[in-house]
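To start, the structure under review is shown below, and the notes come after it.
Just so it is clear, none of the values below were taken in a lab; they were calculated from the coordinates. All of these numbers come straight from a predicted model, not from anything done at the bench. Note that we place each Cβ from the backbone using ideal geometry, even for glycine, and neighbour counts take in every protein chain shown.
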Amino acid sequence: MSISSKRFATVALVVAAAQTAILGYMIESRAGVLRYGHEVLLKTAPVDPRDLLRGDYVVLTYDISRIDSSLISGEWPTSNPLPPLAVRLKAEPEAYWSVVEASFGSLSRTDGTVILAASVDSPVQWQSLPSDLRVSYGIERYYVPEGEGKLIEDGRNEGRVSVAVRISDTGQGQIRALMLDGEPLYEEPLY
């Protein structure tokens, strides 16, 4: 084997190892949230029908996707029009979780609540504060087998779909189960 062949083999091996490590990290970060995260139940809200050209997934929005500005504590940032937001959720008597507090800074942990990381959906004009903010949590899309989205979309629009979400200690959410009428329709493995 010549020196250039050995060098090529070494570089190829390093590149393959790096790609494997990156894929492993991506898989483990999602699996870690599903394995160790705190589970909450979220009620979905109706949205406009999805674009059929985008593939087989269901667009989800939640009751917690719109946050009343009176629940936001701390300083409102003036320099970033799309700031991150920490959202405190607490279980309601009917088992769904709702927003009890939010902050553009950090929130300390308290018993019976979880903190979910969010981002503001559209730029905010800070001169006139909105009465509520529309936010995203990174759990607004769920891929389904081909042809099965219509049943879920109909159920979602009728208020019959809920989602079990696992939330990591850092506030990252992952969908664990999509439920129709309280029964799991799709469940993610907990690895």
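Observations on the structure shown:
- Projected label distance in nm at SER70 and SER122, using a 7 Å step from Cα toward the beta-carbon: 2.3
- Rounded FRET efficiency, nearest 0.05, which uses the C-beta distance separating LYS6 from LEU190 and R0 of 41 Å: 0.40
- Full extension of the chain between TYR57 and ASP111 gives 16.0 nm of extra length, using 0.36 nm per residue less the Cα-Cα distance.
- Entry for semi-axes √(5λ) of the Cα gyration tensor in Å (calculated from the structure that is shown) out of [x] 22, 20, 17; [y] 37, 16, 14; [z] 35, 24, 18: [z]
- Adding -39500 (n - 2.57) for every DSSP H run of four residues or longer, then dividing by how many residues the chain holds, sets the calculated 222 nm ellipticity at -8000 deg cm²/dmol.
- One way to sum up the overall shape of the stretch 85-191 is the equivalent ellipsoid from its Cα gyration tensor, whose semi-axes run 27, 18, 14 Å, largest first.
- Qualifying lysines (Cα of each under 16 Å from Cα of LYS90; at least 8 residues distant if same chain): LYS43
- Amide H contacts under 5 Å for GLN172: ALA117, restricted to partners 5 or more places along the chain or on a different chain, H placed in the peptide plane at 1.01 Å from N.
- Peptides 178-184, 100-106 ordered by packing proxy, namely the average of other Cβ atoms within 10 Å per residue, highest first: 100-106, 178-184.
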